[in-house]
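What follows is one structure encoded as structure tokens, with my remarks underneath.
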């Protein structure tokens, strides 16, 4: 699945290029991203001569185009998969510490960082529950681990016999269910709904949704699921208000996009676009869903601008 292969496959070409941005024509608008600081936490490849799989986290200001490292850039320190909490007060991320992966939390207000748990899998981004109390992690291609944020206590989602399915791209819905992309050998990917407390797995009707499901993200504010499908040679964005029903389909300006991330007010989406002509390059796109406009937010970089996560405004 794409969620498992993009990080490792594309980073074979990894390097880092200049982080200059194309400034959006939004600077004159007052607070265009409601409920947001206007900051994105983004993963960017780092120092290909040291290790092509090392990455850093950057903060990108959507209005000014400024990009700056979130942590000091040091060889051998790998940061990945950033995810802001629903209240914007904490950033979860994977960190390679002395040869061991762990899930960490960063608190911007104090600058504090601390480890939640060790032995996490860095190949998929953490997903926060709506109340900010639990984080879901894809522990393996076929299982999830849930972590209570306060205690860092991990517990596994019960296995309901879906051992031939490979999961990716989790999104946590308002109902308390996890929706995941599920892939079975020689079959197209589709939706699965998982109830974390019981382990119950169901497959919603996919009326009108054809093609391979690539990636998903859920908007808490608008209660919509952004689903990226590849029906043919291009990728389409489908906005779904109720699983099992058709959603609004938006044609995208590129053949391959992934990693959708909602603005906190549900009016904008960022997506990572991959260059079909030069493997390994990527850049960020911003979609204005209200006006159906799109902007190239960043320049091309090697293995960069992946897993963008909007920071909600802690004061709102």
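The values are calculated or read from the model by the stated rules, or taken from the named source; none is laboratory data. Everything numeric in this text was worked out from a predicted model, so none of it was measured. Using ideal geometry, Cβ is built from the backbone for each residue, glycine included, and neighbour counts are taken over all protein chains shown.
Tabulated results
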quantity: Identity of the residue in region 280-294, crowded, with 20+ Cβ neighbours inside 10 Å and more than 20 Å from residue 39 (Cβ to Cβ), that ends up modelled with the highest pLDDT; calculated: 281
quantity: So residue 88, is it surrounded by 21 or more Cβ atoms within 10 Å (Cβ to Cβ), at positive phi and touching a residue at least 40 places away in the same chain (Cβ under 8 Å); calculated: yes
quantity: Hey, residue 90 over 23 Å from residue 192 (Cβ atoms) and in contact with a strand residue (DSSP E or B) (Cβ under 8 Å, 6 or more places away or on another chain) or not; calculated: yes
quantity: Matching residues in region 266-279 - criterion: being in contact with a strand residue (DSSP E or B) (Cβ under 8 Å, 6 or more places away or on another chain), farther than 12 Å from residue 254 by Cα and surrounded by fewer than 21 Cβ atoms within 10 Å (Cβ to Cβ); calculated: 266, 267
quantity: Those residues of region 225-246 which are over 19 Å from residue 178 (Cβ atoms), in a loop (DSSP other than H, G, I, E, B) and modelled with pLDDT of 85 or more, in sequence order; calculated: 235
